[in-house]
Every structure is written in C-alpha cells, then in structure tokens.
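Data block below; observations after.
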Amino acid sequence: MSEIGQAQATVRAVDRALDILLCFAKSQGEISLSDIAKEVNLHKSTVHRLLASLQSKGFVRRHPQSDKYVLGWSVLELLSNVYQSNDLSTLALPEMTRLRDLSGETVSLYIRRDTERIRVQAVESNEPIRNVVSIGRTYPLYIGASGKVLLAYANQAVITKVLSKEDIPSDFNHEEFSAQLDKIREDGYAISIKERDAGAAALAVPIFGSDNDCLAALAISGPVSRFTIEKMSEHIDTLKTSAAWLSKMLSR
C-alpha cells in the first residue's frame, strides 16, 4: 500500500473509532457489540477490532457480567480537562447557579454539534422532584426549547439537514415548525411543554459570540406541574439578561 493509501486507511480507522465512541452518548450505559455495529453500519469483526484498540487505551471496557461495553476511565480524564479549558461552561457556571437559586429549577447549557444538541453544563434544582438530564447526552434539535433556539439561529443548510433526517416524525409539520423558528428569532426565546419529556417544560434563550453566531442555549427547565407558562413568563427577562451578559463576556 502506498503512503497516501496508508494515510487514508488510518484516517478512516480514526473516524470509525470516534463514531463508536459517540454511540455511548446516545446510550443508557452499556452497549453490545451487535448494537454498536448496527449504529455505525460496520461489520462486527471491524467493530470488534476497533473496540480492542479503544480498550487498550482505556477508552472503553468490557463489563464482566453482561459482556457489553461501557466507557473507560480515559474518557473521564479527557472530560475533566474539557471542563477546565472550556471557557463557556466555566464562565457560565456562577450565573447558572444564580439562575437556579432565583428560579428554583434546573439550569442547563447546550451547544450544537452538527444536527444534535449536547448538554455541556448544568446546575440541578434542589427540589426533590426536578428535571434531570446527564451532562454529555445528545438530543435532537427539532424538539425542546434549547434545540429550537440553537436551530433558529443556525444557517439554512443546518436547518435543512436536521429536517431531512430519518428520525423526523412522519406527521411533522414543516411549515408550522418554520413559523416557530421565525417566532423564536423575533422574540429571542423559546418555550417547550411536554415535548422531549412528557413531564417537563423548558424556557431557553441564545448566547452569542463575538461574530454574533449563536454559541449556546441557556435554559431553565422543570416539571410541568411547577414550571408553568406563568412561571416561565416571570423568568424570560431574567434569562435574557443573563445570556446577554455571558455574550458580552465572550465577546471581550
């Protein structure tokens, strides 16, 4: 094999290994070899070989009882480094804590990764019944207040890509959704009730960078029984003010 061919094969292997790691972001923990192979659309033998390499570096490990795969300790080492170096999540934490204390509900920070959103920071509510979502989990952009905020301020190519995905419900109303995005851009916030979670409601606003691109969505969420439309309305201006301050800090 030529040097160019070897380089291409190496890049392809790296891409596949990263795709395998990303499978764990969508799982509840353990994943079988068969499920991973199906998710990344590769033969089991190829996936097994890549998992062996990831396992040797500590990125995955095999559960002794179930024989399924879970994330390894090397991921935690990288994660701790991310939190120390991620200016946005570090900068936002004190303000998010203040919002949590003010609202009594969970405050989250989401960013867009291609056609999904990922929760990168959170301050959980102190209430016994609260909205809990793990940091690092990914969710669709077309559903939920945070997802819609991130999508509303994305370019048209991203919106088209998201709305053409196979997981879009067959009864999805594209015209109505487009109108929702226009409304979010006009109002500067989004509200969702029982969309991603049947028991939860959320209010989200955009955080902008120096080039006026939407970098993240700042959200307050809670159970629908407590975080009502009236309650959300009380926090719109406060949430916008926090997002504006964070946007200003990021633009320095």
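The values are calculated or read from the model by the stated rules, or taken from the named source; none is laboratory data. All values reported here derive from a predicted model rather than from experimental measurement. Neighbour counts are summed over all protein chains in view; Cβ atoms, including those assigned to glycine, are modelled from backbone coordinates with ideal geometry.
Overview of values
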quantity	calculated
Residue within the range 222-230 that is in a strand (DSSP E or B), under 25 Å from Arg98 (Cβ atoms) and touching a residue at least 24 places away in the same chain (Cβ under 8 Å) present	yes
Matching option when the condition is at pLDDT 90 or above and either of a type outside the set (Asp, Glu) or under 17 Å from Ala190 (Cα atoms) (or both), among Arg137, Arg112, Arg130	Arg112
Pair list, Cβ < 7 Å and 6+ apart or interchain, from the range 95-113 residues that are outside the structural domain of Leu218 (by TED's automatic domain parsing) and in contact (Cβ under 8 Å) with a residue 12 or more places away in the chain to residues that are surrounded by fewer than 16 Cβ atoms within 10 Å (Cβ to Cβ) and not in a helix (DSSP H, G or I)	none
Among (1) crowded, with 19+ Cβ neighbours inside 10 Å; (2) modelled with pLDDT under 95, the one test that Gly147 misses	(2)
Residues of the range 213-230 satisfying the condition of being touching a strand residue (DSSP E or B) at 6+ places or on another chain (Cβ under 8 Å), surrounded by fewer than 22 Cβ atoms within 10 Å (Cβ to Cβ) and either of a type outside the set (A, V, I, L, M) or closer than 17 Å to Arg117 by Cβ (or both)	Cys214, Leu215, Pro223, Thr228
Cβ-Cβ under 9 Å pairs, at least 6 apart or on other chains, the range 122-144 side polar (S, T, N, Q), far side outside any loop (DSSP other than H, G, I, E, B) and surrounded by fewer than 13 Cβ atoms within 10 Å (Cβ to Cβ)	Asn126/Asp101; Thr138/Lys26
So Val158, is it crowded, with 17+ Cβ neighbours inside 10 Å, in the same structural domain as Pro206 (by TED's automatic domain parsing), assigned to a helix (DSSP H, G or I) and of a type in the set (A, V, I, L, M, F, W, C)	no
Selected residue (criterion: nearest to the chain's Cα centre (by Cα)) from residues of the range 59-78 that are free of Cβ contacts under 8 Å to residues at least 24 places away in the same chain and in a strand (DSSP E or B)	Arg61
Test: residue in the range 46-58 that is part of a helix (DSSP H, G or I), within 21 Å of the chain's Cα centre (by Cα), at pLDDT 90 or above and not assigned by TED's automatic domain parsing to the domain that holds Arg117	no
Meets criteria (surrounded by fewer than 16 Cβ atoms within 10 Å (Cβ to Cβ), of a type in the set (S, T, N, Q), in the same structural domain as Ser103 (by TED's automatic domain parsing) and under 18 Å from Leu91 (Cα atoms)) for Ser210	yes
Residue match in the range 85-94 (condition: under 17 Å from Ala204 (Cα atoms), modelled with pLDDT under 90 and of a type in the set (Val, Ile, Thr))	no
Among (1) aromatic (Phe, Trp, Tyr); (2) within 17 Å of Ile168 (Cα to Cα); (3) at pLDDT 95 or above - the single one Tyr153 does not satisfy	(2)
